[in-house]
Amino acid sequence: PSKQLTIIAVERDCSMTDFFRLAPKIKSRQHYVVFSEGLQDKLSEIIWENPNTAPIDARWKILGTAQHGITKKIAEEIDYLPAFVSIPLFSQRASKIILEECDGIDFIPCCILVDGAQFDFFIGRIHQFLPLINHEASNQAERLSPLAPIIINSEIKRSFFLARDTEDRTKIICSNEFRELCIERKLNIDFHKFEDLENWLKRQPPDIINKI
């Protein structure tokens, strides 16, 4: 077998815990919150570049604008929204529950402008970084197919709720424990499971498999 097959196949581990990505429960793809360019740069620094050291000014008013897929009704009912770039926003209800139940995260208040009305949300600042993604195998799979899934590092045994990848800090990954907590507390948050690599390979056409 080739080196590519060896590297990819080793990621299959039947004991691997399920991992998920956060997703908003919105049908429209226009479901992001957008901050001004200058504000986005500042947020990137304190949210995922240097979350453990970057200072936060309590007087700082953070205001983002919702894309048109987010209506007032959605803003009132939803518990999670994504913002550019890799900035997770949670409702007041969700942030309170997460603070009570989860370690390694704190929150920064912000407002979202939706059709002229402001809604209170909270930016989740995740302090835990783990080598969650096998970047070598993921890059090799992507060369086989642009639609290849991110390949999770199956050697991660450490328990966590929410974490960012050590190398690519824009990638947020949540554990099944976090998903179950949100379901139990009836939070309006959706989850997309990282596809099992073995099943993904089974669905690929012969020309892709022959490249391995």
* Asked: Between Asn139 and Glu45, what is the FRET efficiency for a Förster distance of 41 Å, r being their Cβ-Cβ separation, to the nearest 0.05?
  -> 0.95
* Structure fact -> Computed curve, the range 91-149, Cα-only Debye sum without solvent term, log₁₀ I(q)/I(0) at 0.26, 0.27 Å⁻¹, is -0.98, -1.04
* Structure fact -> the range 82-174 accessible area per residue, 1.4 Å probe, protein heavy atoms, integer Å², reads 45 Å²
* Asked: Between Phe84 and Lys202, what FRET efficiency follows from the Cβ-Cβ distance if R0 is 45 Å, with the result rounded to 0.05?
  -> 0.85
* Residues Glu180 and Thr71, FRET efficiency given R0 of 35 Å [Cβ-Cβ distance, rounded to 0.05] -> 0.75
* Distance in nm between pseudo-label sites at Asp106 and Ser36 (7 Å out along the Cβ direction from Cα) -> 2.6 nm
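What pairs in Lys25/Lys72; Lys25/Lys73; Lys61/Lys186; Lys25/Lys186; Lys73/Lys193 have C-alpha atoms more than 22 Å from each other?
Exceeds cut-off: Lys61/Lys186; Lys73/Lys193.
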* To do: Distance from a point 7 Å along Cα→Cβ of Gln128 to each backbone N in the range 149-187: keep the residues under 15 Å and list them by number.
  => 156-166, 172-182
* Structure fact -> Of every hundred units of 1.4 Å-probe accessible area on the range 79-174, the number belonging to carbon and sulfur atoms, as a percent, is 49 percent
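The values are calculated or read from the model by the stated rules, or taken from the named source; none is laboratory data. These numbers come from a predicted model, not from an experiment. Counting neighbours? That spans all protein chains shown, and the Cβs are built from the backbone with ideal geometry, glycine included. These accessible areas exclude ligands, DNA and RNA; they are computed on the full protein's heavy atoms, side chains included. Shrake-Rupley method; radii C 1.70, N 1.55, O 1.52, S 1.80 Å.
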